[in-house]
Amino acid sequence: MLDIYFSVLINLIIFALFGWIISLKIKNVTHVDSMWSIFFVIALLTSVNSIEYLTERHEVLIIVLLLWSIRLCSFLTKRNWGKTEDIRYQNIRKNNEPFFKYKSLYLIFGFQAILASIISLPVIASLIDIRDYDLIDKIALAIILIGLLIEIIADFQLSKFLKTNTGGVLNKGLWKYSRHPNYFGEFLIWWGFFIFSLGSDYWITILSPILMTILLLKISGVSLMEQTITERRPDYIKYIKKTSSFILWPPKN
């Protein structure tokens, strides 16, 4: 597995370098959001190229990961197209001047390539494993599909809300039960991929869902999104008191 992992890592770094060169031209790094899910397609294709044949189990994994990647990439590309640099990256840029355009090679693009290589470990391990499609795989697939469905619905509801409301708080639909249902969906997806890799004997794959959970809760997800949101949306304080921050859960009265 180690040799495939290093091949994946090299290809991801090459793709990250390509994204960085684009950022120098357009003076904007936001497109790295669209690149995120493509990192995993590259990891998938690199791994597929390293195995002798595909089983039914492999084909299921490929289809599901491609569905996730295409959906997320198209959603983020459409959301960010033609807009100024995302406020998250503006803040990172401001905190790392001078020469952020060069520092972004490792702070933004290289960092995401390395993260993606670690998070893709269950995908690599699952493709190496040639065992038959079994009950555990079906349970894992169900978890992945549920997570994907939650993510799709949450993103649709948020997009619809933002088109008509700029100052209120979205507290309907899935957002009534979680302040970040889209992140919860992503959480389920990557724990599902980990479960899919069980039986491969590569327990290092547990790093993938753990790292993704930390990212979603503490780094680029919930924690980052809520740092300034109460300043822009005062009603959000009441929303915090009533609504689960992550897991879908009935709101408090």
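What follows is calculated from the coordinates using simple rules that are stated; it is not laboratory data. Quick caveat, the model's predicted, so the values are computed rather than measured. Cβ: placed from backbone, ideal geometry, glycine included. Neighbour counts: every protein chain shown.
Per residue of region 223-236, in order, report the coupling 6.51 cos²θ - 1.76 cosθ + 1.60 (Karplus, θ = phi - 60°) as ³J(HN,Hα) in whole Hz, putting x for Gly and Pro.
4, 5, 5, 9, 5, 10, 5, 5, 6, 8, 9, x, 5, 5
Nothing charged except the Cβ atoms of Lys and Arg (+1) and of Asp and Glu (-1): what's the magnitude of the dipole of region 134-253 about its Cα centre? Round to the nearest 20 debye. Numbers along the way, then the final one.
Details: 13 positive and 9 negative charges, 171 e Å.
The dipole of region 134-253 has a size of about 820 debye.
Apply the Karplus curve 6.51 cos²θ - 1.76 cosθ + 1.60, θ = phi - 60°, to the phi angles in region 239-252 and return the couplings in whole Hz, x for Gly and Pro.
4, 4, 5, 9, 10, 4, 6, 9, 5, 5, 8, x, x, 6
Contact order normalised by length for the chain, with contacts defined as Cα pairs under 8 Å and 6 or more residues apart; what percent is it?
Working: 299 pairs, mean separation 54.1, N = 253.
Over the chain, the number comes to 21 percent.
May I ask you to list the aspartates and glutamates whose Cα is less than 15 Å away from that of LYS83, ignoring any residue fewer than eight positions away on the same chain?
ASP33
Given 0.36 nm per residue, what is the gain on full extension from LEU207 to ILE139 after removing their alpha carbon distance, in nm?
Length gained, LEU207 through ILE139: 22.5 nm.
Which distance in nm do the two modelled labels at SER223 and LYS163 give, with both placed 7 Å along the Cα-to-Cβ direction?
Here the modelled spin labels are 3.5 nm apart.
Cross-link candidates for LYS241: which aspartates and glutamates have Cα within less than 15 Å, leaving aside residues fewer than 8 places away along the same chain?
Candidates past the 8-residue exclusion: GLU226.
Dipole of the chain, Cα-centred, from +1 at each Lys and Arg C-beta and -1 at each Asp and Glu C-beta, to the nearest 20 debye? Intermediate results must be reported in sequence, preceding the final value.
Working: 26 positive and 19 negative charges, 343 e Å.
For this selection, approximately 1640 debye.
For the pairs LYS101/LYS176; LYS218/LYS238; LYS27/LYS163; LYS138/LYS242, note any where the Cα-Cα span goes beyond 32 Å. Kindly include the intermediate steps, with their values, before the conclusion.
Working: LYS101/LYS176 40 Å; LYS218/LYS238 21 Å; LYS27/LYS163 27 Å; LYS138/LYS242 35 Å.
Beyond 32 Å: LYS101/LYS176; LYS138/LYS242.
Rounded to whole Hz and in sequence order, give me ³J(HN,Hα) for region 210-220 from the Karplus expression 6.51 cos²θ - 1.76 cosθ + 1.60, θ = phi - 60°, writing x for Gly and Pro.
Residue by residue, region 210-220 yields 5, 5, 4, 4, 4, 4, 5, 8, 10, 10, 9 Hz.
In what order do PHE75, PHE184 fall by count of nearby beta-carbon atoms within 10 Å, going from fewest to most? Display every interim value, and only then the final one.
On the way: PHE75 19, PHE184 26.
Going from sparsest to densest Cβ surroundings: PHE75, PHE184.
Stretched out fully, how many nm does the piece from ASN253 to ILE22 gain, at 0.36 nm a residue minus the Cα gap? Intermediate results must be reported in sequence, preceding the final value.
Numbers: separation 231, 0.36 × 231 = 83.16 nm, distance 4.92 nm.
78.2 nm is the gain from fully extending ASN253 to ILE22.
Simple spin-label model, 7 Å along Cα-to-Cβ: LYS101 to THR77 in nm?
My value for the distance between the label points is 2.5 nm.
Shape of the chain from its Cα gyration tensor (a ≥ b ≥ c, root eigenvalues): rounded if a/c is under 1.5, otherwise prolate when a/b > b/c, or oblate?
Taking the square roots of the gyration eigenvalues as a ≥ b ≥ c, the chain is oblate.
How much FRET efficiency would the formula 1/(1 + (r/R0)^6) give for ARG233 and GLU52, where r is the Cβ-Cβ distance and R0 is 51 Å, rounded to 0.05? Mind showing how you got there, number by number?
On the way: r = 54 Å, r/R0 = 1.06.
Computed FRET efficiency for ARG233 and GLU52: 0.40.
Restricting things to Cα coordinates, could you compute the convex hull volume per residue of region 134-253 in Å³? If you can, show how the numbers build up before the last one.
On the way: hull volume 11.8 nm³, N = 120.
Given the Cα convex hull of region 134-253, per-residue volume reads 99 Å³.
Can you give me the C-alpha center-to-center distance between region 227-245 and region 146-218, rounded to a whole angstrom?
19 Å
Translational diffusion coefficient of region 74-180 at 20 °C, 1.002 mPa s, Stokes-Einstein with Kirkwood Rh over Cα pairs, in µm²/s as a whole number.
Values: Rh = 17.8 Å.
Reported coefficient: 120 µm²/s.
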